[in-house]
1. Which value in nm describes the separation of the simple spin-label points at residue B:185 and residue B:234, placed 7 Å from the Cα toward the beta carbon?
2. Given labels modelled 7 Å from the Cα in the Cβ direction, how far is it in nm from residue B:378 to residue B:440?
3. Report the Cα-based extents of the range B:159-302 along its three principal axes, largest first, to the nearest Å.
4. Please report, as a whole percent, how much of the solvent-accessible surface of the protein assembly as shown comes from carbon and sulfur atoms (probe radius 1.4 Å).
5. In terms of Cα to Cα distance under 21 Å, which lysines are near enough to residue A:97, apart from those fewer than 8 places away along the same chain?
6. Given N residues in the range B:263-350, what is Rg(Cα) / (2.2 N^0.38 Å)?
7. How big is D for the protein assembly as shown, in µm² s⁻¹ as a whole number, if Stokes-Einstein is applied with the Kirkwood radius of its Cα pairs at 37 °C and 0.692 mPa s?
8. Under 28 Å Cα-Cα from residue B:433, which lysines qualify once same-chain neighbours fewer than 8 residues away are excluded?
Amino acid sequence: MSGRGRAVVAIGAVAAVVVLFFVFRSGGDESDEATTTEAVTTTATTTTTTETVSTTTGETEPPPPPPPPAGPVRARITVRGGEVVGDRRLLKVEQGKQFVLIVNADVSDHVHLHGYDLMADVAPGKPARIRFEASIAGRFEIELEDRGLLLGQLEVRP
Amino acid sequence: LTYPLAHGIGGIKDLPVPAWLFFYGAAAVLILSFAALAALWRDPLLKHGLPGREVPFLERLVFSAPVRILFGAIGVALFAVVFAAALVGDADSGANLAPTFVYVVFWLGLVPIVVLIGNVWPAVNPWRAVARAAGRLGERAGVRWEPPLEYPERFGRLPAAVLLFAWAALELAYPNSANPRHLAIAIALYSLVTWFGMLAFGTEPWLRSGEAFSAYFDLLGRLAPFAVEEEDGRKRLRLRVPLTGLAGAEARAGSVAFVAVMLGSVAFDGLSRSTWWTDRVLSVRDSIGADRTALADLAVTGFNLLALGGMVALVAAAYLVAVDAARSAARGQLRPEDFLRSLLPIALVYVVAHYFSFFVNQGQVAWRLASDPFGNGWDLFGTADYQPRYDLLTPNVVWYAQVGALVVGHVLGLVVAHDRAVDVVRSRRLAAKSQYPLLALMVVYTLGGMWLLSRG
């Protein structure tokens, strides 16, 4: 094999190592990510279910079990000192569900959800609240418009 | 485009290709590869077996002076509007035509035209049109410009490869690529380089060697049915059988580098769209602090550039390793440039797989911005209030298009490589043997492309 050929093989080997590194790193990260986002949605759904339960127990006649009303999925993002608190970057929701996005911030700005093109004002003590039906599938960026700060991404899955 | 675009183009991404579709796609690649290997080595059909035909009427029309002037004028007018918008239009990239026109209408929109019809870029290339018009005017005034330098042919396409890398770096590595003012600076710089190159070496030599978009669309145009060929110093228009434009070698120096940039930049775009990568970029930003934006932008650009360069090097290294193995198998009868054109279908389907949905979504924004290019409230064509619909493509359509495109591109690449091998290598047995490394290369490229699309 020529000298150049050997050099090429060496580059290839380095490249392979880099790829393997990417594969393993990304594998590890994905599981972390899944758990954090899972946590967000599950807390959200548990709050809504407890609400429904408390209203039904107040009635005397137990009604025939209705299909559980699908409560909106909620997600809350907090911005403090110009940065997102915590590590919440990918919010997941199923297509067709109602979604409520609440953003608390210690600055005045606008929250912009791309794709759906929804905007809401936010100010200290006045959280932005965006409620909508997750009708379009895809991944959409949520940002603080004037600052251009990415708050997270919304993933709507079919 | 890359994150974080403060007001970037889009803000919408595809859902990652689901694992099951990834596996079906991978299986299809492997099965089709073996079928192709078993069936394909015969004669160099693409090279010799399928002559094109002449189209005299169309040829007269296409090369007539009015058509030439009309297309040149369209190119220059669009260039002027876009550059003016970038320079003085609304500073918000979402309200300014320039970023969407440059990255979507021009860069992505020309690809289907060039591939499905023919390379129209020389006809609308504003830099070329201006240079030629200036030359004509000068001649009429009795001044003839003789380029002082002769282009050193040993550099081949290398300047174009460098400039294509710079373009990819602007689009994909630089966080403020959609900022109209920054784009204006980039357009001005590129125009200066281009016109300077044309003055120094002559218009056509620079277009062949140093104008990145000319080289890009020239290579992609090899897939097209219509081609312009020189014959006895006269331009001829030919209609050819699909793929026959890919026969032969791409022998000019710098071609490997150029094609590697074509493939590697799209691969980097796939990587940079994954949540994993955006998180890495965010942590670079976080480590610098929220208040030092300029420094953070610089650090992110450097970080992205490393990965972009790495991807290009990876693509090039994989190709050179495969060709080296193929050459050993064919007892030295092959050279690196022999299989370069078999990568062009792959380059095309990488673009289709990565940008097809972006083009459909963001193209609608261009429709709206066309009426109000400067963002000052005009409504030239009555489309200023058009609301883009982002539900035109369902994730399923996008996924099948992505995986389907990659599989088809892989098979086309194999066909072209086989044709080249049986043309160049004397013994049919050795030609067949030389194709195993190429097969491995195509499988790696295709699976790598799919793998990047399946990353969250």
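1. 5.1 nm
2. About 5.7 nm, to one decimal.
3. Cα spread of the range B:159-302 along its principal axes, largest to smallest: 63, 34, 25 Å.
4. 66 percent
5. B:13
6. 1.50
7. Calculated translational D: 124 µm²/s.
8. Here the lysines satisfying the reach criterion relative to residue B:433 are B:47.
The values are calculated or read from the model by the stated rules, or taken from the named source; none is laboratory data. Every value quoted in this text rests on a predicted model; they were computed, and no experiment measured them. Cβ sites come from the backbone with ideal geometry, for glycine too, and all protein chains shown count toward neighbours. Just so you know, the surface numbers come from the protein's heavy atoms only, side chains and all, with ligands and any DNA or RNA stripped out. Shrake-Rupley method; radii C 1.70, N 1.55, O 1.52, S 1.80 Å.
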